[in-house]
Amino acid sequence: MKQLVLVGGGHSHAIALKMYYDNPIKNVKITLINEVKKTPYSGMLPAHIAGYYNFHQTHINLEKLAQKTNSNLMVDQVIDINPTQQKVYCLSGNTIKYDLLSIDIGSTPDDSQIKGAKEYAIRAKPVPTLLEKWEAIINDLNNNPNQNITLNIIGGGAGGVELALNMHKRLTDIVTAKQVNINIINRGQVLLNSHNIRASKLFNNLLEKKDINIILETEIVEICSDKVITKKGNIIKGDYTFLVTNASPASWLKNTGLSIDKKGFILVKNTLQTLSHDNIFATGDIATIKDNPSPKAGVFAVRQGKPLYNNWRLLLEGKSLNSYYPQSFYLSLIGTGDKKAVAIWGNCAYLSKVFWYLKDYIDKKFMEQFSS
Ligand SMILES: Cc1cc2nc3c(=O)[nH]c(=O)nc-3n(C[C@H](O)[C@H](O)[C@H](O)COP(=O)(O)OP(=O)(O)OC[C@H]3O[C@@H](n4cnc5c(N)ncnc54)[C@H](O)[C@@H]3O)c2cc1C
């Protein structure tokens, strides 16, 4: 019996496990190691924060998936891998031996250049901590509805902007719009700089309409309990600071001997095998396909689930593996917190209620496959 060990229960692993359930591979025992029993689906996370979906609608139940596939779920945090000895080390002290390893642990916002971030910032990931802190803020506001509240959101990419709009919606369900002050602070000259300029202008207008302050070309160098400090020494007051900066990899990976790029992400071939070890796969945010790098977005992690499963099977059957090529154009649907969404495709960007219903349909359909 071959031991297939899955590190992280991200989007690709959830899809691959679902495929394994539909079409099991012979003589394989799967062990899934994840920090939590329920992993968030990124597409629905901002709308969960806005209050449109509940926790269960937006989280994949890994425990159930493990039961169905007769896999072993270990709720633990992986802290090291030894590819020579083929061992995985966990925070609890457990060591797991593998024949085949697959890594899908996502990423976290980069806080390496910001003093005080570890102590005072609420990072967009890990999601369980974000949700715990967000619920505490909401409870506090519900208990003291006369207070004003100011949020600083560092990072003006799609994640930061979507969070700002959805947080604004939830907060203004409790208190008046005048009591809510949200600042989006972005290092770059424009918001959503990895999308087209139409999308950027559209979101500028939407944020301005809701009196959300857009602070551009501003780098934050320090976060304190009640303010953030810019590189130029300016102070921006805030009760809570959220960090939604660029994706960064887990730091322990650099000591494992796995092939990594300059930023520390795992370098993989188009077969999704690491450049360094044929018996180790990596997918989702944590992996960078050397010859076809793609943005760190859930949509790519989802798409990699099927080729990942197929290549596990082919490798275990001793056959040659298939290559996966990420699509260069993809549809982004970004919710605006008011049951509308912006659709971004190539050079186009449109806001409409129809796109919210399309997004809602796609996301619910995605989650449906894990519900039975
Ligand atoms: C606010 C926000 C909104 C977003 N909205 C979208 C969107 O609408 N569309 C989109 O395409 N992308 C979106 N993204 C990006 C998206 O979240 C990521 O690209 C996606 O989650 C990556 O999926 P993954 O499978 O790589 O990892 P993840 O979904 O992050 O899953 C990783 C899993 O591994 C676990 N894990 C991590 N480290 C360890 C460890 N050491 N040991 C054990 N388990 C571990 C985690 O607990 C988690 O369950 C958004 C991001 C943010 C921050």
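The values are calculated or read from the model by the stated rules, or taken from the named source; none is laboratory data. As the structure is a computational prediction, the values presented were derived from the model and not from experiment. When we count neighbours, we look across all protein chains shown, and the Cβ atoms used for this are built from the backbone with ideal geometry, even at glycine. In case anyone asks, the SASA skips ligands and DNA or RNA and just uses the protein heavy atoms, side chains included. Shrake-Rupley method; radii C 1.70, N 1.55, O 1.52, S 1.80 Å.
Structure above, values below:
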read-out	value
For the chain, convex hull volume per residue from C-alpha positions, Å³	138 Å³
Radius of gyration, Dmax [the stretch 111-245; alpha carbons; angstrom]	14.2, 41
Summed residue charge, Cβ within 14 Å of Lys290's Cβ, Lys/Arg positive, Asp/Glu negative	+1
Packing rank of 282-288, 237-243, where each peptide gets the mean count of other beta carbons within 10 Å, highest leading	282-288, 237-243
By accessible area with a 1.4 Å probe, ligands and nucleic acids excluded, highest first: order of Tyr357, Tyr20	Tyr357, Tyr20
Under 16 Å from Lys115, Cα to Cα: aspartates and glutamates that are on another chain or at least 8 residues apart	Glu219, Glu222, Asp226
Highest average packing first - 289-300, 266-277, 136-147, Cβ atoms within 10 Å	266-277, 289-300, 136-147
For the stretch 1-94, alpha-carbon Rg relative to the globular expectation (2.2 N^0.38 Å, N residues)	1.19
Modelled FRET efficiency - R0 45 Å, Asp80 with Asn143, Cβ distances, 0.05 increments	0.60
Degrees separating the helix 197-209 axis from the principal Cα axis of the chain, which is the longest one	50 degrees
Positive minus negative residues near Ser352 (Lys, Arg vs Asp, Glu; Cβ under 15 Å)	+3
Segment Cys224-Ser251, length gained on full extension (0.36 nm per residue, minus Cα span)	7.3 nm
Calculated FRET efficiency for the pair Ser112/Gln179, C-beta based, R₀ 30 Å, to 0.05	0.30
Distance between modelled label sites at Glu208 and Val36, nm, 7 Å Cα→Cβ extension	3.7 nm
Of Lys87/Lys254; Lys178/Lys340; Lys269/Lys296, those spanning more than 20 Å from alpha-carbon to alpha-carbon	Lys178/Lys340
Between helix 11-22 and the chain: long-axis angle, C-alpha atoms, 0 to 90°, nearest 10	40 degrees
Mean ellipticity per residue at 222 nm, deg cm²/dmol - from DSSP H runs of n ≥ 4 across the chain, formula -39500 (n - 2.57)	-9000 deg cm²/dmol
Which of Asp111, Asp278, Asp226, Asp211 is most accessible, then next, and so on - probe 1.4 Å	Asp211, Asp278, Asp226, Asp111
Solvent-accessible heavy-atom area per residue, rounded to whole Å², over the stretch 111-245 at 1.4 Å	50 Å²
For the stretch 258-281 versus the stretch 301-372, the gap between their alpha-carbon centres in whole angstrom	22 Å
